[in-house]
1. Among the listed residues Gly285, Gly276, Gly255, which satisfies the condition of being in contact with a His (Cβ under 9 Å, 6 or more places away or on another chain) and either of a type in the set (Ser, Thr, Tyr) or open to solvent by less than 60 Å² (accessible area, probe 1.4 Å) (or both)?
2. How many residues does region 183-201 contain that are at pLDDT below 95 and either in contact with a His (Cβ under 6 Å, 6 or more places away or on another chain) or within 19 Å of His305 (Cα to Cα) (or both)?
3. Condition test on Gly144, is it out of contact with any Asp or Glu (no Cβ under 7 Å at 6 or more places or on another chain), buried (at least 18 other Cβ atoms within 10 Å of the Cβ), modelled with pLDDT under 75 and not in a helix (DSSP H, G or I)?
4. Pull out all pairs, ordered by first then second residue, where Cβ-Cβ is under 6 Å, the residues are six or more apart or on different chains, the first lies in region 179-201 and is without any contact (Cβ under 8 Å) to a residue 40 or more places away in the chain, and the second is of a type in the set (Ser, Thr, Tyr) and buried (at least 18 other Cβ atoms within 10 Å of the Cβ).
5. Can you tell which of Ser175, Ser126, Ser204 is modelled with pLDDT under 95 and of a type in the set (S, T, N, Q)?
6. Condition check: modelled with pLDDT of 95 or more, surrounded by 17 or more Cβ atoms within 10 Å (Cβ to Cβ), of a type in the set (A, V, I, L, M, F, W, C) and closer than 17 Å to Val109 by Cα. Does Val212 satisfy that?
7. Test each condition in (1) farther than 26 Å from Leu309 by Cβ; (2) in contact with a helix residue (DSSP H, G or I) (Cβ under 6 Å, 6 or more places away or on another chain); (3) surrounded by fewer than 19 Cβ atoms within 10 Å (Cβ to Cβ) for His180 and report the one that comes out false.
8. Kindly indicate whether Arg117 is open to solvent by 20 Å² or more (accessible area, probe 1.4 Å), part of a helix (DSSP H, G or I), closer than 15 Å to Val163 by Cα and among the charged types (D, E, K, R).
Amino acid sequence: MTFDNARGRSTPGRPPRTHPNVSGTPSVVQSLRAHSGAAVPFSVEFNPPRDAAAEARLWRAVRQFERMHPAFVSMTYGAGGSTRDRTVRVTGELAQETTLLPVAHLTAVEHSLGELRSLVGSYADSGIRNILVLRGDPPGDPLGEWQQHPDGVAYAEELVRIVRDLGDFHVGVASFPQGHHRSPDLDSDTAFLAAKLRAGAEYSITQMFFDVEHYLRLRDRIAKFDPIEGAKPIIPELMPITSLRTVARAEELCGRALPAAVLDRLNKAAGDAPDGNQAAVREVGIEIATEMAQRLIDEGAPCLHFITLNFAKATTEVLTNLGYGVTAAPISA
């Protein structure tokens with residue numbers, strides 16, 4: 001337990017406060033280059049905690065991953081009220097209180113231009129210079145109708161330009177191996193990605209997927225459409241499946257059904273038990289993530305980006321399977 005000077009109270013799992021390193025903050029691309037070596041760099045994604053208990057769990061995972069030296073960590077964006085405020089605060093604390101390189105998510109959904117500029121300013125005040133720009137999904141229904149804020153922006157491309165114009169920021173965007181569900185076709189989706197990169201984005205992180213061929217075809221499409229922009233890093237996003245419940249969550253997040261071959265392996269592991277054989281499902285989920293990660297490494301992916309759901313154990317197991325030098329025992333499941 002350490003003392004939090006900002007709020008004058010103790011916070012379980014929090015690393016000691018250090019001085020923020022605002023100047024000289026590297027970009028994601030620079031960090032990937034610095035991590036280049038025998039092992040492909042990896043990075044992790046956190047979610048904003050909803051309460052104090054969830055925040056303590058997040059910080060346990062943060063401390064574990066900090067010992068493993070990821071190229072960067074990203075924090076998804078919680079829109080609206082206290083969740084938004086907590087998101088901004090915790091993301092800032094990652095920059096100020098750890099040695100990690102944080103990437104803040106910024107979404108256009110339900111925000112005016114003034115609010116977006118204010119959020120970028122809040123991140124900048126915390127020493128954050130890396131921002132992942134997203135159009136965002138409607139709250140409560142990711143597949144619902146998207147509505148532009150009357151005083152906001154309609155597309156991520158616009159938001160990329162706004163963030164770049166606000167100061168010395170490094171911007172990333174999302175890419176979609178199977179195409180975004182709102183894109184009319186893959187050609188259109190490729191053109192949208194190229195436009196975001198041309199607007200000033202330095203890299204993209206894909207939506208999660210469970211068939212490496214989809215990632216490879218995305219890489220081929222953008223390289224053919226625009227060789228210059230296609231040379232920018234496309235970072236694949238992976239989520240180790242640890243239960244049948246996370247299957248539904250994965251399908252919700254990516255807006256796509258999992259491949260039949262993946263579902264067959266998980267269902268076979270679950271067997272006929274009422275709640276499924278959870279240990280067997282988890283084992284197969286880790287195997288699938290490891291196999292995908294190894295294939296991506298073999299195919300030259302610039303980094304492996306893991307959705308962690310604020311737990312360290314599953315990602316750590318995958319990295320261990322891949323031969324990464326993970327020496328610290330996982331703190332959280």
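The values are calculated or read from the model by the stated rules, or taken from the named source; none is laboratory data. The model shown is predicted, which means the values in this text are computed figures rather than measured ones. So basically every Cβ, Gly included, is an ideal-geometry build from the backbone, and we count neighbours across all protein chains shown. Areas reflect the complete protein model, heavy atoms only, side chains present, ligands, DNA and RNA absent. Shrake-Rupley method; radii C 1.70, N 1.55, O 1.52, S 1.80 Å.
1. Step by step, each of Gly285, Gly276, Gly255 is checked, and only Gly255 is in contact with a His (Cβ under 9 Å, 6 or more places away or on another chain) and either of a type in the set (Ser, Thr, Tyr) or open to solvent by less than 60 Å² (accessible area, probe 1.4 Å) (or both).
2. Of the residues in that region, 1 qualify.
3. no
4. Listed by first residue and then by second, the contacts come to Leu193/Ser175.
5. Ser126
6. no
7. (1)
8. So Arg117 fits the description; yes.
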